[in-house]
There are 2 protein chains.
Amino acid sequence: MTRCADMRREAYSYDDIYGEYCTVQRYIDCPPRDTFEYLANIHSLSEWTYSTRDFEPTNVPDLYQGVDMLGVDTKIFMKVVANAKALTVDYHCAWDQGRELWMIYLMRVVPAELVLKRPGSVVLWTNCRHPYYSENPYPQTAPTARKEWVGDMWGIFGAGHSIELNNLKVILEYRHGSRLPVGPNLLLDS
Amino acid sequence: MTRCADMRREAYSYDDIYGEYCTVQRYIDCPPRDTFEYLANIHSLSEWTYSTRDFEPTNVPDLYQGVDMLGVDTKIFMKVVANAKALTVDYHCAWDQGRELWMIYLMRVVPAELVLKRPGSVVLWTNCRHPYYSENPYPQTAPTARKEWVGDMWGIFGAGHSIELNNLKVILEYRHGSRLPVGPNLLLDS
């Protein structure tokens, strides 16, 4: 107990919280199964993320290619790994190339009835600071005009992911509350 | 980007971080499968947690009864819900009674090779602040001599869980590094 009390500090910096692991979490008033299915659909990313758009299948099974508006002319490759029983949804992705999907967005939907005694979902979202955030391992695949590297943005992932999680919350709560299909609700060529 | 920068504060309080959701995470140099199996074994809790001990089966399938040394004469009831594919391990538990297991410790093992490009495991652990932490819903089941309620300790969960996660790390890294069975390594009557 004394050790616990000693560990508790007056103040923490942004980097204390988001330095090595970036975790955000939010309550969403939408049933866990709907939240899971929405997240597990790669096209939903075009609605609730800040900058990833326009995913299309590639020749590789389960691998999609889209664009990340964070960087000039930047392709993003993405595979969704979802587990319907555990309600986990992981986005394995990378800028520029699809051979090594090293950026992994770990998400988990938890029934809020269990953990908060109310209907809806709790969404947990963690990114771990992979060493490639510090240096692009495949510079030859980057567009020549681009100066940014995705890892330059690590320092705002905590804030950025909070905003995106709010987007997710607002979209799902609106649709669930209005008895609309949860979506995604995009005009897609099929 | 401006909104992200605006959200970034100079300093955060302990409650800003651990107020509603208490998440801790750690790298452990032990293979993910071993870490998962260790966590999924209820008897491991007697080794790595601060205060839960001596779990024994009850008449209810999958429900165990143990003691929680945090409270005087305190029984703890526990069910482990593990998913070997997603590597999630959730402890559903409660003090005093086993009918409503409202305290849920959500854990997830992530292969560190994927997210940190190194062998081993990353363990994510989240608790959500269930309303029962604020008030015992079954006071009639509490031992009369006990003044504490588990929710009184919510304020030190962040620190306490960090210490326990260190215990887990030290135990697993020692055993894995020494090529011993990961355990648990208890003298149990069977």
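For the protein assembly as shown, what is the accessible area per residue in Å² when the probe is 1.4 Å? Don't skip to the end; give the middle numbers.
Values: 18540 Å² over 380 residues.
Accessible area per residue: 49 Å².
Between B and A, buried accessible area summed over both sides at probe 1.4 Å, in Å² to the nearest 100?
Values: alone 11400 and 11420 Å², together 18540 Å².
Between B and A, the summed buried area is about 4300 Å².
Please give the per residue volume of the convex hull enclosing the alpha carbon atoms of the protein assembly as shown, rounded to a whole number of Å³.
Convex hull volume per residue, Cα atoms: 166 Å³.
Tell me, which residues of the stretch B:71-113 get at least 40 Å² less accessible area when the other protein chains come in, versus the chain alone (1.4 Å probe)?
When all protein chains are present, B:Asn83, B:Ile104, B:Leu106, B:Arg108 each give up 40 Å² or more of accessible surface.
Provide the per-residue ³J(HN,Hα) series for the stretch B:133-147, in order, calculated from phi with Karplus coefficients 6.51, -1.76, 1.60 and θ = phi - 60°, each as a whole number of Hz, with x at glycine and proline positions.
4, 7, 8, 4, x, 10, x, 5, 8, 7, x, 5, 6, 8, 9
Going by Cα centres, the stretch B:1-57 and the stretch B:59-129 are how many Å apart?
Rounded to whole Å, the Cα centres lie 11 Å apart.
Output ³J(HN,Hα) for the stretch B:25-37: one whole-Hz value per residue in order, computed from phi by the Karplus curve 6.51 cos²θ - 1.76 cosθ + 1.60 with θ = phi - 60°, and x for Gly and Pro.
8, 7, 7, 10, 7, 7, x, x, 5, 5, 4, 4, 5
Report, in deg cm²/dmol and to the nearest 500, the calculated mean residue ellipticity at 222 nm for chain B, where each DSSP H run with n ≥ 4 adds -39500 (n - 2.57) and the sum is divided by the residue count.
When only DSSP H runs of four or more count, the value is -7000 deg cm²/dmol.
Copy-to-copy spacing for A:Glu148, label 7 Å out on the Cα-to-C-beta vector, in nm, shortest first?
Distances to the matching label points in the other copies: 4.9 nm.
To the nearest 20 debye, what is the magnitude of the charge dipole of the stretch B:15-177 about its Cα centre, counting +1 on the Cβ of each Lys and Arg and -1 on the Cβ of each Asp and Glu?
It works out to roughly 400 debye.
So, R0 is 56 Å and r is the distance between the beta-carbons of A:Asn59 and B:Asp16; what FRET efficiency does that work out to, to 0.05?
For R0 = 56 Å, the calculated efficiency reads 0.75.
Leaving out ligands, DNA and RNA, what percent of the accessible area of the stretch A:15-177 is carbon and sulfur, probe 1.4 Å?
Looking at the stretch A:15-177 in its full context, I get 50 percent from C and S.
Using only the Cα atoms of chain A, build the gyration tensor, take square roots of its eigenvalues as a ≥ b ≥ c, and label the shape rounded, prolate or oblate: rounded if a/c is under 1.5, else prolate if a/b is larger than b/c, else oblate.
Values: a/c = 2.00, a/b = 1.09, b/c = 1.82.
Because a/c hits 1.5 or more and a/b fails to exceed b/c, chain A counts as oblate.
I'd like the Karplus ³J(HN,Hα) series for the stretch B:57-62: coefficients 6.51, -1.76, 1.60, θ = phi - 60°, whole numbers in Hz, and an x wherever there's a Gly or Pro.
Working through the residues one at a time gives x, 10, 6, 8, x, 6 Hz.
Protein chains only, probe 1.4 Å: how do A:Arg26, B:Arg99, A:Arg146 rank by accessible area, largest first?
I get B:Arg99, A:Arg26, A:Arg146, largest accessible area first.
Using alpha carbons only, what's the Rg to Rh ratio of the stretch B:58-125 with Rh from Kirkwood?
1.12
How far is A:Gly177 from the same spot in each other copy, in nm, shortest first, if each label point sits 7 Å from Cα toward Cβ?
5.2
How much FRET efficiency would the formula 1/(1 + (r/R0)^6) give for A:Thr2 and B:Ser178, where r is the Cβ-Cβ distance and R0 is 25 Å, rounded to 0.05?
0.25
If each label sits 7 angstrom from Cα along the C-beta direction, how far apart, in nm, is A:Gln65 from its counterparts in the other copies?
Ordered by distance, the counterparts are at 6.3 nm.
The values are calculated or read from the model by the stated rules, or taken from the named source; none is laboratory data. Since this is a predicted model, take the numbers as computed values, not measurements. Because the Cβ atoms are built from the backbone with ideal geometry, glycine has one as well, and the counts that use them run over all protein chains shown. Accessible surface areas use protein heavy atoms only, side chains included; no ligands, DNA or RNA. Shrake-Rupley method; radii C 1.70, N 1.55, O 1.52, S 1.80 Å.
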